[in-house]
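The values are calculated or read from the model by the stated rules, or taken from the named source; none is laboratory data. All of these numbers come straight from a predicted model, not from anything done at the bench. Every residue, glycine among them, receives a Cβ derived from its backbone with ideal geometry; neighbour counts consider all protein chains shown. These accessible areas exclude ligands, DNA and RNA; they are computed on the full protein's heavy atoms, side chains included. Shrake-Rupley method; radii C 1.70, N 1.55, O 1.52, S 1.80 Å.
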Amino acid sequence: MTPRRAVIALLLGLATLSACSTEGEMRAVDPAGSGEPSASASTDAPPTPVPDGPVSTHGLVTVLDDGDGPEMCLGAVAESYPPQCGGPELDGFDFGDVGAESAAGVTWGSYALIGTFDGTTFTVTDSTPAALYDPMAEEPVDGLEAACSVPGGSGGGRTSPEDMDATLAAASALPGYATAWLTGDTINVAVTEDATGAEATLRETWDGGLCVTTVERTDADLNAINQELQAALGEQLLTSGSFAPDSLDAQVVFDDGSIQDWADATYGDGLVTITSALVPAS
């Protein structure tokens with residue numbers, strides 16, 4: 001049986017934050033990173049809500065059967081052939097004649113599902129394969145904006161990909177380092193202290209656009225909170241990470257709002273944003 005979930009921390013490394021990086025790319029916190037546990041963390045266990053009516057997947061999901069019955073993969077899908085993933089067991093599901101593939105004893109495909117979920121098993125009442133699925137138009141997700149209105153830059157020669165990598169490496173070693181991201185060719189760095197000193201240090205290796213801003217929480221702070229969140233939510237959690245300063249994003253199998261309320265009470269309003277992989281069927 002494949003694992004039910006994989007908690008992902010998409011750490012954006014220096015190789016990714018190079019000249020080929022896109023605007024708004026952002027690292028997520030590393031669950032193995034250092035940092036002290038959050039002093040604000042509550043000892044109350046999070047709720048485990050179960051939907052009281054029909055729910056649907058948020059668009060297409062991978063359905064996979066490795067011989068033990070079909071599962072709905074709500075978390076990560078390993079890009080192997082055949083793929084590997086796991087999730088809630090499915091009842092009443094048929095791959096049908098369109099869209100499914102098979103290899104090495106594994107059958108899989110992409111489907112939009114509607115049904116009921118009892119916390120363990122998803123009972124399918126309707127399924128649409130990817131080939132027949134008509135997704136609704138979704139608003140594009142904008143990347144992070146620059147941390148300052150005038151990024152400056154001396155116009156000197158230190159603007160190569162190697163210079164960028166060296167500058168990002170220097171940024172990660174700054175006192176109070178929180179995160180870094182790119183907007184075009186501008187390097188943005190967030191620290192919790194001495195922004196002026198941080199900018200002076202980074203100007204030793206970078207002549208291009210540079211914005212340095214201050215935030216409340218360091219990279220280590222968010223790592224510590226992320227580890228607590230993963231331990232507390234357990235099998236409910238699908239992914240978690242940080243894609244903007246002073247914030248964490250976490251996706252769970254299902255939330256009716258009660259997990260978000262718990263996160264707000266535990267870590268403070270606005271720090272952790274909970275999204276639900278299963279949503280009420282429309």
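General remarks:
- Within the stretch 179-190, residues that are without any contact (Cβ under 8 Å) to a residue 40 or more places away in the chain sit with their Cβ atoms under 7 Å from residues that are among the hydroxyl-bearing types (S, T, Y) and outside any strand (DSSP E or B), at 6+ positions apart or across chains, in these pairs: I187/T167.
- Selection over the stretch 255-276 of residues that are under 19 Å from the mean Cα position of the chain (by Cα), more than 14 Å from S240 (Cβ to Cβ) and assigned to a helix (DSSP H, G or I) gives a count of 1.
- Condition met for G119 (touching a strand residue (DSSP E or B) at 6+ places or on another chain (Cβ under 9 Å), crowded, with 18+ Cβ neighbours inside 10 Å and small (G, A, S)): no
- Qualifying residue in the stretch 158-170 (condition: in contact (Cβ under 8 Å) with a residue 60 or more places away in the chain, within 30 Å of A265 (Cβ to Cβ), open to solvent by less than 40 Å² (accessible area, probe 1.4 Å) and not aromatic (F, W, Y)): no
- Residue match in the stretch 231-246 (condition: farther than 30 Å from V279 by Cβ and either open to solvent by 40 Å² or more (accessible area, probe 1.4 Å) or among the hydrophobic types (A, V, I, L, M, F, W, C) (or both)): no
- Listed conditions (1) over 25 Å from the mean Cα position of the chain (by Cα); (2) part of a loop (DSSP other than H, G, I, E, B) are all met by L144, apart from (1).
- Across the stretch 109-141, the number of residues qualifying as among the charged types (D, E, K, R) and part of a strand (DSSP E or B) comes to 1.
- Condition met for G184 (out of contact with any strand residue (DSSP E or B) (no Cβ under 7 Å at 6 or more places or on another chain), modelled with pLDDT under 95 and more than 12 Å from T167 (Cβ to Cβ)): yes
- Subset of the stretch 96-108 (residues that are touching a residue at least 24 places away in the same chain (Cβ under 8 Å) and either surrounded by fewer than 18 Cβ atoms within 10 Å (Cβ to Cβ) or assigned to a loop (DSSP other than H, G, I, E, B) (or both)): G96, V98, G99, A100, G105, V106, T107
- The set of residues in the stretch 189-218 that are within 21 Å of Y267 (Cα to Cα), open to solvent by less than 40 Å² (accessible area, probe 1.4 Å) and either modelled with pLDDT under 95 or in a loop (DSSP other than H, G, I, E, B) (or both) comprises V215, T218.
- Qualifying positions in the stretch 171-188 - open to solvent by less than 10 Å² (accessible area, probe 1.4 Å) and in a helix (DSSP H, G or I): A171
- Scope the stretch 55-95; condition assigned to a strand (DSSP E or B), within 20 Å of the chain's Cα centre (by Cα) and closer than 14 Å to L278 by Cβ; matching residues: T57, V61, M72, C73
Here's the yes/no breakdown for (1) acidic (D, E); (2) at pLDDT 95 or above; (3) out of contact with any strand residue (DSSP E or B) (no Cβ under 9 Å at 6 or more places or on another chain):
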site: E235; (1), (2), (3): yes, no, no
site: D246; (1), (2), (3): yes, yes, no
site: A250; (1), (2), (3): no, yes, no
site: I259; (1), (2), (3): no, yes, no
site: W262; (1), (2), (3): no, yes, no
